[in-house]
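Colleague: Dumping the structure here so I can ask a few things about it.
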């Protein structure tokens, strides 16, 4: 049986530990201490050194006790702010934060479910193949832990990520690639009252370009947004520099690149008509995840959900996660809904019953 009290206590202990992105060492130390002495190979990689954090990813190899190919399970240790001084409160099976903070169910509920599933298998002496537990850093800030994970230590070709909202039974199989976009327009300054005709307004250049861009919902797979505009100065000076910052996402790489090129060409048209120049850059933050319908991992997850009497919902999402990075490494990957609700807000909560369901489902998948 899954131990409900232990699962709850594990989550409460994790939730109380401060762990903003780049400062997850206390959680990493807690997990290493909790798992010490069980015969596991526990390593902390050097991702923290690479990204400027205080710890790396925690990689746990659990020796096989039965047949089957190795499989990995992953959840991240960091939380979005405000996440300092979290005090979780359990009331009628619902866990919330007592103060004006997030709860941290994203993703400490995932960590707790993975740990309880493993402890359950060991106590009941249920055979399992070689397992890898991947507890990553800095997911919320851009999946930098997963991007710098020491994959040489992981001999599994399948990864189950526990980091999605929605009911337990939700299986995320599609997630978009994301590109960060920056555009700086260069005009020419001039006195706006005496000789404005000698100036080229960078604000006007930006406005011209933006007015011709397709933005927000482009199609069912593609979105784009400009989130910030910076520049200008005194009202009596024609502004010579303005920077736009935004992003584009698509579940199809070709569509993503087409949207980026469309936005660039709008900038080209602006300077052709008004003068000036621009610098345009984009950076792919993470690749798309698209799990094929014939995926064996997906089919095992569907069977496990049916065995657990869970309502299955196979769907896509508009957000990214460590699952995108794992998929980009060529690993077969799915992201499971674990019931966390209103994440990234101070109204966040998680039901103990949902954590129990997630732990049971994880234990079933650990048995292959």
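The values are calculated or read from the model by the stated rules, or taken from the named source; none is laboratory data. Everything numeric in this text was worked out from a predicted model, so none of it was measured. Using ideal geometry, Cβ is built from the backbone for each residue, glycine included, and neighbour counts are taken over all protein chains shown.
Colleague: Criterion first (buried (at least 18 other Cβ atoms within 10 Å of the Cβ), touching a residue at least 60 places away in the same chain (Cβ under 8 Å) and out of contact with any strand residue (DSSP E or B) (no Cβ under 6 Å at 6 or more places or on another chain)) does residue 175 satisfy it? Quick ask: steps written out before the conclusion?
Modeller: Details: buried (at least 18 other Cβ atoms within 10 Å of the Cβ): yes; touching a residue at least 60 places away in the same chain (Cβ under 8 Å): yes; out of contact with any strand residue (DSSP E or B) (no Cβ under 6 Å at 6 or more places or on another chain): no.
For residue 175, the condition - buried (at least 18 other Cβ atoms within 10 Å of the Cβ), touching a residue at least 60 places away in the same chain (Cβ under 8 Å) and out of contact with any strand residue (DSSP E or B) (no Cβ under 6 Å at 6 or more places or on another chain) - is not met.
Colleague: Then there's this: Please go through region 206-261 and pick out each residue that is farther than 21 Å from residue 288 by Cβ, surrounded by 14 or more Cβ atoms within 10 Å (Cβ to Cβ) and out of contact with any helix residue (DSSP H, G or I) (no Cβ under 7 Å at 6 or more places or on another chain).
Modeller: Once the filter is applied, which keeps residues that are farther than 21 Å from residue 288 by Cβ, surrounded by 14 or more Cβ atoms within 10 Å (Cβ to Cβ) and out of contact with any helix residue (DSSP H, G or I) (no Cβ under 7 Å at 6 or more places or on another chain), region 206-261 yields 206, 207, 210, 237, 243, 245.
Colleague: Could you give me the residue pairs with C-beta distances under 6 Å whose first residue belongs to region 124-145 and is closer than 20 Å to residue 179 by Cβ, whose second residue is in a strand (DSSP E or B) and at pLDDT 95 or above wherever it lies, and which are 6+ apart or on separate chains?
Modeller: 139/76
Colleague: Among (1) closer than 24 Å to residue 277 by Cβ; (2) touching a strand residue (DSSP E or B) at 6+ places or on another chain (Cβ under 7 Å); (3) not in a helix (DSSP H, G or I), there is one condition residue 213 misses while meeting the rest; what is its number?
Modeller: All conditions are met except number (2).
Here is a yes/no grid of residues against (1) touching a residue at least 40 places away in the same chain (Cβ under 8 Å); (2) within 15 Å of the chain's Cα centre (by Cα); (3) within 27 Å of residue 101 (Cβ to Cβ); (4) not assigned by TED's automatic domain parsing to the domain that holds residue 251:
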site: 318; (1), (2), (3), (4): yes, yes, yes, yes
site: 326; (1), (2), (3), (4): yes, yes, no, yes
site: 335; (1), (2), (3), (4): yes, yes, yes, yes
site: 344; (1), (2), (3), (4): yes, yes, yes, yes
site: 351; (1), (2), (3), (4): yes, no, yes, yes
site: 357; (1), (2), (3), (4): yes, no, yes, yes
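Colleague: Which fully enclosed strands (runs of 3 or more DSSP E) of region 129-204 have 1 or more residues being within 29 Å of residue 268 (Cα to Cα)? I'd like the intermediate steps shown before the answer.
Modeller: Values: elements: 131-136, 158-164, 170-175, 177-186.
In region 129-204, the matching strands (runs of 3 or more DSSP E) lie at 177-186.
Colleague: OK, next. For residue 181, all conditions in the list (1) at negative phi; (2) assigned by TED's automatic domain parsing to the domain that holds residue 81 hold save one; what is the number of the exception?
Modeller: Among (1) at negative phi; (2) assigned by TED's automatic domain parsing to the domain that holds residue 81, the lone unmet condition for residue 181 is (2).
Colleague: Next question. With the requirement that a residue be free of Cβ contacts under 8 Å to residues at least 40 places away in the same chain and more than 17 Å from residue 318 (Cα to Cα), what does region 232-256 give you? Steps first, answer last, please.
Modeller: Of all residues in region 232-256, those free of Cβ contacts under 8 Å to residues at least 40 places away in the same chain come to 232-234, 252, 254-255.
232, 233, 234, listed by residue number.
Colleague: Considering only region 15-100, give the strands (runs of 3 or more DSSP E) lying wholly within it that have at least 3 residues that are in contact (Cβ under 8 Å) with a residue 24 or more places away in the chain and within 24 Å of residue 151 (Cβ to Cβ).
Modeller: Values: elements: 41-44, 58-62, 71-76, 88-91, 94-97.
It comes to 58-62, 71-76.
Colleague: So in region 264-274, with the set limited to residues that are surrounded by 15 or more Cβ atoms within 10 Å (Cβ to Cβ) and touching a helix residue (DSSP H, G or I) at 6+ places or on another chain (Cβ under 8 Å), which one is farthest from residue 328 (Cα to Cα)? Steps first, please.
Modeller: Of region 264-274, the ones surrounded by 15 or more Cβ atoms within 10 Å (Cβ to Cβ) are 264, 266-267, 270-271, 274.
Now drop any that are not touching a helix residue (DSSP H, G or I) at 6+ places or on another chain (Cβ under 8 Å), which leaves 266-267, 270-271, 274.
Numbers: 266: 30, 267: 31, 270: 36, 271: 37, 274: 41 Å.
Only one residue fits best here, namely 274.
Colleague: So, in region 145-170, exactly how many residues are more than 18 Å from residue 76 (Cβ to Cβ) and either buried (at least 24 other Cβ atoms within 10 Å of the Cβ) or out of contact with any strand residue (DSSP E or B) (no Cβ under 9 Å at 6 or more places or on another chain) (or both)?
Modeller: 2
Colleague: Within region 216-267, count every residue that is touching a strand residue (DSSP E or B) at 6+ places or on another chain (Cβ under 8 Å), at negative phi and in a loop (DSSP other than H, G, I, E, B).
Modeller: Residues of region 216-267 that are touching a strand residue (DSSP E or B) at 6+ places or on another chain (Cβ under 8 Å), as a first pass: 216-218, 221-232, 236-253, 255-256, 259-260, 263-264, 267.
Now drop any that are not at negative phi, which leaves 217-218, 221-230, 236-253, 255-256, 259-260, 263-264, 267.
Keeping just the survivors that are in a loop (DSSP other than H, G, I, E, B) gives 218, 221, 236, 238-240, 251-252.
The number of residues fulfilling the criteria is 8.
Colleague: Here is a further query. Is it the case that residue 91 is surrounded by fewer than 16 Cβ atoms within 10 Å (Cβ to Cβ), under 17 Å from residue 348 (Cα atoms) and out of contact with any strand residue (DSSP E or B) (no Cβ under 6 Å at 6 or more places or on another chain)? Please lay out each step first, then the result.
Modeller: Values: surrounded by fewer than 16 Cβ atoms within 10 Å (Cβ to Cβ): yes; under 17 Å from residue 348 (Cα atoms): yes; out of contact with any strand residue (DSSP E or B) (no Cβ under 6 Å at 6 or more places or on another chain): yes.
In short, yes.
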